[in-house]
Amino acid sequence: MMRIYELPDYDSMSRRAANIISAHVLLRPSCTLGLATGSTPLGIYRQLIRQYEAGDLSLEETRCVNLDEYLGLGPTHPQSYRYFMQKNFFDHININPENTHVPDGLCPDADAECARYNQVIKSLGGVDLQLLGLGHNGHIGFNEPGRSFELGTHLVDLSESTINANTRFFKSSAQVPHQALTMGIKNIMEAKQILVVVSGADKADIVRRAFAGPVSPDVPCSILQMHRDVILVGDTAALSELRKANVSIGS
Ligand code: F6R
């Protein structure tokens, strides 16, 4: 089943997605949230912080597992996803630090770290609600086109285009990570519910291919059509192509 919410702009999209997340937490405070980095969720994290500050939300018992991390970057590196989560979310709410999980980019043995991370997810009883952004090429997490749908958490070689796109965030290209640890499609599909967030006209094409095109490893996010409980929250610009594909969209 898929429910689609169309909101007029980024702020209202972020508010709607934040409300879906906080509804989960209010109904079951000890739930496990799967979280993402990237630019799309920033507004959601801001809204959740606001709800916490207003006394409307507590994350004291909530557990979080993030999708991915660069190999070689530690928590104090400003480009690490652990750093991103601390600065943009965890440092501003009442979550127990022990309940926040991000793959360890400084692990000495990537395979062991991937196995440990799968075990963490399992020990939390699986992910109740997984937040996802969509890459322009259809990636989810660091699951790039053409990879197997069968994988759990694994080590990926970043594509040349991802490395080039990331170079602007680093002092020199030699410092840009070439590998990352990511939950696999298998982990993502095992989440009980999935919340996909998209914003902007530049996402319109991939949103249509994800939800109204053929399911194929060439478009990793297209596998979400096979999940039984997906909520897509997007702004009008991001949903403009999907709307032409005759799908039912709510407001
Ligand atoms: C983030 C992640 C990525 C992003 C995707 C979209 O943890 O795994 O797959 O969700 O690249 O990024 P934005 O939101 O910046 O367009």
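Values computed for the structure shown
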read-out	value
Qualifying residues in the range 37-61 (those that are over 23 Å from G105 (Cα atoms) and among the polar types (S, T, N, Q)) - the one farthest from the ligand (Cβ to nearest atom)	S58
Extreme residue, farthest from the ligand (Cβ to nearest atom), among residues of the range 154-201 that are polar (S, T, N, Q) and in contact with an Asp or Glu (Cβ under 9 Å, 6 or more places away or on another chain)	Q193
Cβ-Cβ under 6 Å pairs, at least 6 apart or on other chains, the range 16-40 side closer than 21 Å to M189 by Cα and at pLDDT below 95, far side open to solvent by less than 20 Å² (accessible area, probe 1.4 Å) and within 16 Å of the ligand (Cβ to nearest atom)	none
Residue match in the range 153-174 (condition: in contact with a helix residue (DSSP H, G or I) (Cβ under 9 Å, 6 or more places away or on another chain) and under 27 Å from S22 (Cα atoms))	yes
Single match in T167, T162 (criterion: more than 30 Å from V25 (Cβ to Cβ), outside any strand (DSSP E or B), among the β-branched types (V, I, T) and under 17 Å from the mean Cα position of the chain (by Cα))	T162
Cross-chain or 6+ apart pairs with Cβ under 7 Å, the range 128-142 first and farther than 18 Å from I21 by Cα, then within 9 Å of the ligand (Cβ to nearest atom) and of a type in the set (D, E)	H136/D202; G141/D68; F142/D68
Flag if Y10 is touching a helix residue (DSSP H, G or I) at 6+ places or on another chain (Cβ under 9 Å), of a type in the set (F, W, Y) and open to solvent by 30 Å² or more (accessible area, probe 1.4 Å)	yes
Residues being aliphatic (A, V, I, L, M), open to solvent by less than 40 Å² (accessible area, probe 1.4 Å) and part of a loop (DSSP other than H, G, I, E, B) - total across the range 73-132	6
Elements of type strands (runs of 3 or more DSSP E) contained in the range 1-71, each with 2 or more residues being over 16 Å from the mean Cα position of the chain (by Cα)	2-7
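The values are calculated or read from the model by the stated rules, or taken from the named source; none is laboratory data. These figures come from a predicted structure and were not determined experimentally. Note that we place each Cβ from the backbone using ideal geometry, even for glycine, and neighbour counts take in every protein chain shown. Note: accessible area is taken over every heavy atom of the protein model, side chains too, but ligands, DNA and RNA are not part of it. Shrake-Rupley method; radii C 1.70, N 1.55, O 1.52, S 1.80 Å.
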